[in-house]
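One structure, pasted below without further comment.
The values are calculated or read from the model by the stated rules, or taken from the named source; none is laboratory data. Note that this is a predicted model, so its numbers are computed, not measured. Backbone-built Cβ (ideal geometry, glycine too); neighbour counts: all protein chains shown. For the accessible areas, the whole protein counts, side chains as well, though only heavy atoms, and no ligand, DNA or RNA atoms are used. Shrake-Rupley method; radii C 1.70, N 1.55, O 1.52, S 1.80 Å.
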Amino acid sequence: MKTPILLAITASLLITTSVSAQRRSAQKAAPRPKAAIETPLTQLPEYSLSRADMEAHLRFLASDELMGRRTGDAGNRVAARYIAEEFRRLGLKPAGDSNSYFQPINFERVKAAESATLSMGSEMLQLGKDLVVMAGGPLNQTGEVVYVGYGLTDGEDGYKGRDVKGKILIAQGGSPDAKGPREVFQASNAKRKLATEKGAAALIELYAESIPWGFINQYFSREQIALPTTDTNTQPVTHLWVNNTGNKYKQLKEPGQTITLRTSGRLRSVAPSANIAGIIEGTDPTLKNEYVVLSAHYDHIGVGKQGGSPYQPSDSIFNGARDNAFGIVSILSAAKALVQKPPKRSVLVLAFTGEEVGLLGSKYYADHPLVPLKQTIIDLDTDGAGYNDTTIISVIGLERTGARAEIEAGAKAFGLGVFAEPAPEQGLFDRSDNVSFAAKGVPAPDISPGFKDFDAAIQKYYHQAIDNPDSIDFGYLERFAKAYANIARGVANRATRPQWAAGDKYEAAGKALYGN
Ligand SMILES: [Zn+2]
């Protein structure tokens, strides 16, 4: 899961909930689905999954040797290979590219700019304090700037049809209808694209938006990992933001302003990584053509400065035991149990990369599905920032995604309660990998280790270097993973496919996808 202020830019969040929800769900707990009653729990493979296996997986994935599994780094690729070979050992069918377990993604690594200055008259604006470099190559140019309004159109309120080849452009930050940080960034990307197409030398946006400059500077003075752009051959225009708080550089909009812009630009390179995919074929001649996805991300935030959180020189590795080796252990455990006794529907097990850098692995998957989304009836994503209550599991989207009965039954089977829909005002559903499926119409709850509040107990480990294997309650991991496996079985055996709650934000997308 991602850090708050950078959510707007890339990501994900966390939650709290009310006790009454728990009491309400306990009272309303639906009777156990018929299938489960038929096969006594103790005879189901998930009942005898081994804690030692789980501990071994977690201790390897969250070991110092994997250096925090940052997307595109060696430790990330070692984790990918480990998961793929575990799929092979368990007997999952390869579901990746060219009959492998891998869905390769060549991310783009964009290094932070090393230098940038903008001089006009006697003033010199400095990198960090006054400037950030968003994208583009090195530049050293003196020239008269051209003001292009918001720089979003070629019309009267933008480029006015002018030839700006080789020119330094000045644009107003944001856009006429940008409400939040997400729109500001979307508009900025659109401006960059247009300025690149027009062959400009540089684009400078005058920034004075809602996110404090400190965070903007912190974010852009770090290396970024991005999804591969379509034409990696085209070098984007050199693109900067100027800290225009209080409109202090409004003179840049006036005609006849000459400036000198010098910058190292941001070097780009390929950062190879992959999603991992394996299939367990269902037993029912009809239902086996429908797929239940079990997903979890395996990447984490890396080492030292990469992590974006404070760390001690003595321990700069962000091991990510809770986030999200815990989830990977859960999907591996479920895969092991379901291979031994396959359910009626088929199961696609997906380990995503790129979650910590913007849900990029799951977004890529949703745009390049390995099984038609129309045949994908649900995504049971599991991700978490930690737990502060080992008597429950916490489920984001429980009431919305149509599998409440199976989720409650599976949790109850291993002595766990279900804590539902924490802090709706936080919009957490839209900030984990599950949302990549939801946006396409596939019901997708996020099944998370138990927490009630994002309190000190959670913050102690969340994206911290001490989130390492020795601090894990392996007894709870065992119960959680077994419950997750049983939930997966219940959903894969149910008679009908889960439906979005009536009126849900994603119900229309569901209707469009499934046709009803
Ligand atoms: Zn996570």
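Pairs under 6 Å by beta carbon, first residue under 14 Å from Arg69 (Cα atoms) and modelled with pLDDT under 85 in region 306-321, partner of a type in the set (Val, Ile, Thr) and open to solvent by less than 40 Å² (accessible area, probe 1.4 Å), six or more apart or different chains?
Cβ pairs passing all conditions: Gly307/Ile301.
Let me ask something else about it. Among the helices (runs of 4 or more DSSP H) contained in region 447-516, which hold 3 or more residues that are out of contact with any helix residue (DSSP H, G or I) (no Cβ under 8 Å at 6 or more places or on another chain)?
Of the helices (runs of 4 or more DSSP H) lying wholly inside region 447-516, those with at least 3 residues that are out of contact with any helix residue (DSSP H, G or I) (no Cβ under 8 Å at 6 or more places or on another chain) span 456-459, 507-514.
Could I ask something else about it? Can you spot a residue in region 84-105 that is of a type in the set (D, E, K, R) and in a strand (DSSP E or B)?
yes
Considering only residues that are in a loop (DSSP other than H, G, I, E, B) and within 19 Å of the chain's Cα centre (by Cα), look in region 270-304 and name the one that is farthest from the ligand (Cβ to nearest atom).
Gly302
Can you name every residue in region 400-431 that is surrounded by fewer than 24 Cβ atoms within 10 Å (Cβ to Cβ), touching a helix residue (DSSP H, G or I) at 6+ places or on another chain (Cβ under 9 Å) and among the acidic types (Asp, Glu)?
Glu421, Asp430
Right, another one. Check Thr376 against each of (1) open to solvent by less than 10 Å² (accessible area, probe 1.4 Å); (2) in contact (Cβ under 8 Å) with a residue 60 or more places away in the chain; (3) within 16 Å of the ligand (Cβ to nearest atom) and name the one condition it does not meet.
(3)
Quick check: is even one residue across region 305-315 within 10 Å of the ligand (Cβ to nearest atom) and not β-branched (Val, Ile, Thr)?
Within region 305-315 (the criterion being within 10 Å of the ligand (Cβ to nearest atom) and not β-branched (Val, Ile, Thr)), the answer is no, since none of the residues qualifies.
Right, here's the next one. Among the residues of region 379-408, write down those that are closer than 22 Å to Glu355 by Cβ and of a type in the set (S, T, N, Q).
Selection gives Thr382, Asn388, Ser394, Thr401.
Now for a separate question. Cβ-Cβ below 6 Å, separation at least six or inter-chain, first residue in region 60-76 and open to solvent by 10 Å² or more (accessible area, probe 1.4 Å), second part of a loop (DSSP other than H, G, I, E, B) and of a type in the set (Ser, Thr, Tyr): which pairs?
From region 60-76, no pairs qualify.
Can you pull out the strands (runs of 3 or more DSSP E) entirely within region 329-441 that have at least 3 residues that are closer than 28 Å to Arg69 by Cα and at pLDDT 95 or above?
Answer list for region 329-441: 346-352, 376-381, 392-396.
Working carefully through the options Thr117, Thr142, find the one that is assigned to a strand (DSSP E or B), open to solvent by 70 Å² or more (accessible area, probe 1.4 Å) and modelled with pLDDT of 95 or more.
Thr142
Still on this structure, please answer the following. Quick one: in region 163-189, of everything that is in a helix (DSSP H, G or I) and without any contact (Cβ under 8 Å) to a residue 24 or more places away in the chain, which residue is most open to solvent (accessible area, probe 1.4 Å)?
Gln186
Looking only at region 305-328, count every residue that is in a helix (DSSP H, G or I) and open to solvent by 40 Å² or more (accessible area, probe 1.4 Å) and tell me the total.
Number of matching residues: 2.
If you check every pair at least six apart or on different chains, which have Cβ atoms under 6 Å apart with a residue in region 330-359 that is open to solvent by less than 10 Å² (accessible area, probe 1.4 Å) first and a residue that is away from the ligand (no atom under 12 Å from the Cβ) and of a type in the set (Asp, Glu) second?
Pairs that qualify, where the first residue is open to solvent by less than 10 Å² (accessible area, probe 1.4 Å) and the partner is away from the ligand (no atom under 12 Å from the Cβ) and of a type in the set (Asp, Glu), are Leu332/Glu86; Ala337/Glu46; Arg345/Glu290; Ser346/Glu281.
Which residue is nearest to Lys167 (Cα to Cα), if the candidates are limited to region 133-149 and must be under 36 Å from the mean Cα position of the chain (by Cα) and among the β-branched types (Val, Ile, Thr)?
Val148
Next up: In region 318-362, what residues are away from the ligand (no atom under 16 Å from the Cβ) and farther than 18 Å from His57 by Cβ?
Within region 318-362, Lys341, Pro342, Pro343, Lys344, Arg345, Ser346, Val347, Leu348 qualify.
Can Ile211 be described as among the hydrophobic types (A, V, I, L, M, F, W, C) and surrounded by fewer than 21 Cβ atoms within 10 Å (Cβ to Cβ)?
Considered against the rule, which asks whether it is among the hydrophobic types (A, V, I, L, M, F, W, C) and surrounded by fewer than 21 Cβ atoms within 10 Å (Cβ to Cβ), Ile211 comes out as yes.
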